[in-house]
Structures are given as structure tokens and as C-alpha cells.
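Structure first, commentary second.
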Amino acid sequence: MTALHETLRRYVDNGSLPGAVGLVARGDEVEAVAVGHTDTGRTVPLERDSLFRLASITKPVTAAALLMLLDEGLVGLDDPVSRWLPELAAPMVVRTPESPVDDLVPATRPITVEHLLSSRCGWGFPPDFSLPAVAPLLELQRGGFAPHAVPALDELLAELAKVPLLRQPGDAWLYNTSSDLQGALISRATGRTLPDFMAERIFEPLGMKDTGFSVPERDLHRLPTAYRPAPDGTLKVADAFDDGWDRLPAFPSGAGGLVSTADDYLAFARMLLAQGEAGGGRALLSPASVARMTSDQLTPAQRESSPLFLEGQGWGYGGSVDIDRTEPWHVPGRYGWVGGTGTAAHLVPATGKVTVLLTQVAMTGPTPPAVMRDFWRVTA
């Protein structure tokens, strides 16, 4: 039994997780471990190819999709997003982050494509969720991980336009909303749905046959039951997370809507490690776009202003970038992210290592839980 297997087995045995799939790849050498079951009743064992709700580790995939349009010249980093999302042409901003939602000033600059890619568009979640301007954004994004609780693209953008920005465009890193807007921009710029674009341009070339925004009926048995930890430490079924994966949602979320497997995500990570190349030498992304994506795009002040999410690390396009060795698993340049459904995926360009952890127990906050930290420690 390997150290990775022992680590994940411990969390299953103590009741913290029904099961987990962990994968670490170093070049062509891959260790993949599946432990536990698809539910607390221990009826069906988890398998290496079990499907998981990715949640926010969807974000790097969405950023890569938008960068494809950049490589083709269809969009530019400095282009105002209002060219494709006219609903967002004249946003208003709260006078200060602490101001009431009716104390507004105009945006001093347009929201650009780069602002979306770097999560600095002005909308998003700050460390302090009690700020007045956060409440209407939370209400609009009330769907969380429930794919059918969010309105369709046109309605969502119309409602978002009524919500004031928390910060001026470009001034601050704020979590989540920018990735949904990346997906919206892709759809409007290409005239295609986000699922169709990603399937043709990313999933099919990389052989990611089990990745998408819904699950075919024949494969629903491979999707484990979703859980939330209760205050007493027991696991409760997260009904909202379980509903509707058998059909495409009205708004496919670029921030957190994908379902996938450990091996499919490994294929995506390896494409980034190969400077954007898929098998057979086909280029999906330019090396320049991969470099932008996996490099820190924030100022020190912007990093330090979001300790709740970033914990001192930087942010590229769609994921965090390690800056300092604050933990044993932190390697400068390590890129990736975590998902609120209990997922994590990272790659280290300097060494070619990829790590993927997939569980079905939701995080209780932005801080990665103990199982993630132990997984990173044992695969460091």
C-alpha cells in the first residue's frame, strides 16, 4: 500500500469521506488510487473513472478556452467586453467597498478581456462577505453548484448589469464571477454554446471523453452522491448538488459547471505542460498564452488583499500560482485551484508533475480542508 493510498484510506476509515480518487503524475509515471464508495451506504465502490462535479477547478479550463480566441485574434486582452456583452457597457461602482449599494459612481474605465481573465473585473467575492454590495451578487449567483438554479445567459447578464461593482475594473482581485463572464464572452464571441465550444476545441482533441456540463443517462451511475459536512461532523446528502446533471443547464457555468474524471483532467494538465500541444503535435494554445495563464498576474497588494482565498499565492488566468514556499507542497510556479465540491488539481511546470484529488464532500469555506493538505503533502 502506497503513502497516497494510506492517506486517502485514513479519511475514508474515519468517516470524513465516503471515498476519494487521487492521482499524481510525474512525466509518464502515474499513480492513481480509488478508495471507498460512492455513498455512505457503501453500496458501490469508487473507481478510477468515477465522475465528479469539478466545481471551481472548471475555471482553468474556461480560461484556456478564452485564450484560444485570443490566439486566433478574435478577442484582444485590451478589448472592452461590452463589444460582446453590451449589458456590461456602463457599470456603476459603489463609492467605497463599504458603501451602501445606492452610493454609486461610474466606472472609470471599461471592463476588458484581461480583467475577466485575471479576475479583476470589479464583480466577485471579497474576503469580507458582509459588505453591502456582496449581497445582491450572492443572490444572483444563488445557484452554487446546482446547475439548474441559474437563469439563462441573456437574463443573467441583464440582472448582473443591475448589480454595482465592488471595485473599479482592474483595481482588485475578486473571486468567481469573472470566470462565469469568460464563459459568457466565449459564447457570444463564437455564436456557440460553451459546452459545444469546449467539446470541439478542448475535450475531443485531448480525448477527454467523460468531461462536460451534463452526464449521459448511461453514465449517471458513475456520479457519486454529493455530501456536505454537518456541524456534528456527520455527512449529509447535498440534494441541490445532485439535481439535474442528466441535462444541460440553461447557463453552463464557466466558473464551476464541469463534470469530469481524474484521467480526463490529467490530459488537460498535460496539454498545459506541453506548452499548449495535444497529441500528435496539434497546438490547442500558443506557448505565450500558456505562459500568461500560468504566471501570476497580480500586484503584491492585490495578492495580500485576498488572504481568505489566495493564502498569499498569486493568480494567473483561471487558477492560483504559488509565489513562496509557505507550505511543503508550494513550489514557485505551481498552478491550479480547488473546487468547493471537494476537488483540487495542480501542475508544476518546472518538474512536469500533476496532482488531482476528487472527492464528493463539499468544502465548508474557502480554506482547503485537511484531506487536501495531506494529499498535497504526500504527493509533494
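For the reader, a short list of remarks on this structure follows.
- Residue count for the range 353-376 satisfying the condition of being aliphatic (A, V, I, L, M) and over 15 Å from the mean Cα position of the chain (by Cα): 5.
Per-residue answers, yes or no, for (1) under 12 Å from Pro91 (Cα atoms); (2) crowded, with 21+ Cβ neighbours inside 10 Å; (3) among the aliphatic types (A, V, I, L, M):
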{"position": "Asp128", "(1), (2), (3)": "no, no, no"}
{"position": "Pro132", "(1), (2), (3)": "no, no, no"}
{"position": "Leu138", "(1), (2), (3)": "no, no, yes"}
{"position": "Gln141", "(1), (2), (3)": "no, yes, no"}
{"position": "Ala146", "(1), (2), (3)": "no, no, yes"}
{"position": "Val150", "(1), (2), (3)": "no, yes, yes"}
{"position": "Lys162", "(1), (2), (3)": "yes, no, no"}
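- Looking at Arg42, Arg95, Arg9, just one residue is on the phi > 0 side of the Ramachandran plot, free of Cβ contacts under 8 Å to residues at least 60 places away in the same chain and open to solvent by 60 Å² or more (accessible area, probe 1.4 Å), and that residue is Arg42.
- Entry remark, the range 210-241: residues being in contact with a Ser or Thr (Cβ under 9 Å, 6 or more places away or on another chain) and either within 30 Å of Asp71 (Cα to Cα) or part of a strand (DSSP E or B) (or both) number 9 in total.
- In a residue-by-residue description of the range 190-198, the property of being crowded, with 23+ Cβ neighbours inside 10 Å and at pLDDT 95 or above applies to at least one position.
- Of residues in the range 276-307 being in a loop (DSSP other than H, G, I, E, B) and farther than 30 Å from Asp171 by Cβ, the one most open to solvent (accessible area, probe 1.4 Å): Arg282
- Subset of the range 268-306 (residues that are basic (Lys, Arg) and under 20 Å from Ser119 (Cα atoms)): Arg292, Arg303
- Residue in the range 268-275 that is assigned to a loop (DSSP other than H, G, I, E, B) and either touching a Cys at 6+ places or on another chain (Cβ under 9 Å) or open to solvent by 60 Å² or more (accessible area, probe 1.4 Å) (or both) present: yes
- Pair list, Cβ under 8 Å, 6 or more apart: the range 119-143 residue under 22 Å from Thr299 (Cβ atoms) and in a loop (DSSP other than H, G, I, E, B), other residue among the aromatic types (Phe, Trp, Tyr) and open to solvent by less than 40 Å² (accessible area, probe 1.4 Å): Ser119/Trp173; Ser119/Tyr175; Ser119/Trp315; Arg120/Trp173; Gly124/Trp173; Gly124/Tyr175; Pro126/Tyr175; Pro127/Phe309
- Residues being without any contact (Cβ under 8 Å) to a residue 24 or more places away in the chain and not hydroxyl-bearing (Ser, Thr, Tyr) - total across the range 291-305: 4
- The listed residue being surrounded by fewer than 18 Cβ atoms within 10 Å (Cβ to Cβ) and of a type in the set (S, T, N, Q), out of Thr108, Thr112: Thr108
- Selected residue (only one of Gly281, Gly312 is farther than 20 Å from Gly254 by Cα, free of Cβ contacts under 8 Å to residues at least 24 places away in the same chain and touching an Asp or Glu at 6+ places or on another chain (Cβ under 9 Å)): Gly312
- If you go through the range 279-293 and keep only what is modelled with pLDDT of 95 or more and of a type outside the set (D, E, K, R), you end up with Ala283, Leu284, Leu285, Ser286, Pro287, Ala288, Ser289, Val290, Ala291, Met293.
- Residue within the range 224-231 that is within 30 Å of Ala278 (Cα to Cα) and either at pLDDT 95 or above or open to solvent by less than 20 Å² (accessible area, probe 1.4 Å) (or both) present: yes
- Set Gly122, Gly73: member being open to solvent by less than 40 Å² (accessible area, probe 1.4 Å) and either on the phi > 0 side of the Ramachandran plot or of a type in the set (D, E, K, R) (or both): Gly122
- Condition check for Gly15: modelled with pLDDT of 95 or more, in contact with a Gly (Cβ under 8 Å, 6 or more places away or on another chain), surrounded by 22 or more Cβ atoms within 10 Å (Cβ to Cβ) and more than 26 Å from Arg109 (Cβ to Cβ): no
- Subset of the range 104-133 [acidic (Asp, Glu) and closer than 24 Å to Ser82 by Cβ]: Glu114
- For the range 365-375, a residue qualifies if it is within 16 Å of Thr326 (Cβ to Cβ), assigned to a helix (DSSP H, G or I) and open to solvent by 20 Å² or more (accessible area, probe 1.4 Å), and exactly one does: Arg373.
- Taking first residues from the range 349-360 that are part of a loop (DSSP other than H, G, I, E, B) and partners that are aromatic (Phe, Trp, Tyr) and surrounded by fewer than 24 Cβ atoms within 10 Å (Cβ to Cβ), the Cβ contacts under 9 Å between residues at least 6 apart in sequence or on separate chains come to Gln360/Tyr227; Gln360/Phe241.
The values are calculated or read from the model by the stated rules, or taken from the named source; none is laboratory data. Here the structure is a predicted model, which is why all the values come from computation and not from measurement. Cβ: placed from backbone, ideal geometry, glycine included. Neighbour counts: every protein chain shown. Only protein heavy atoms, including side chains, enter the accessible area calculation; ligands, DNA and RNA are left aside. Shrake-Rupley method; radii C 1.70, N 1.55, O 1.52, S 1.80 Å.
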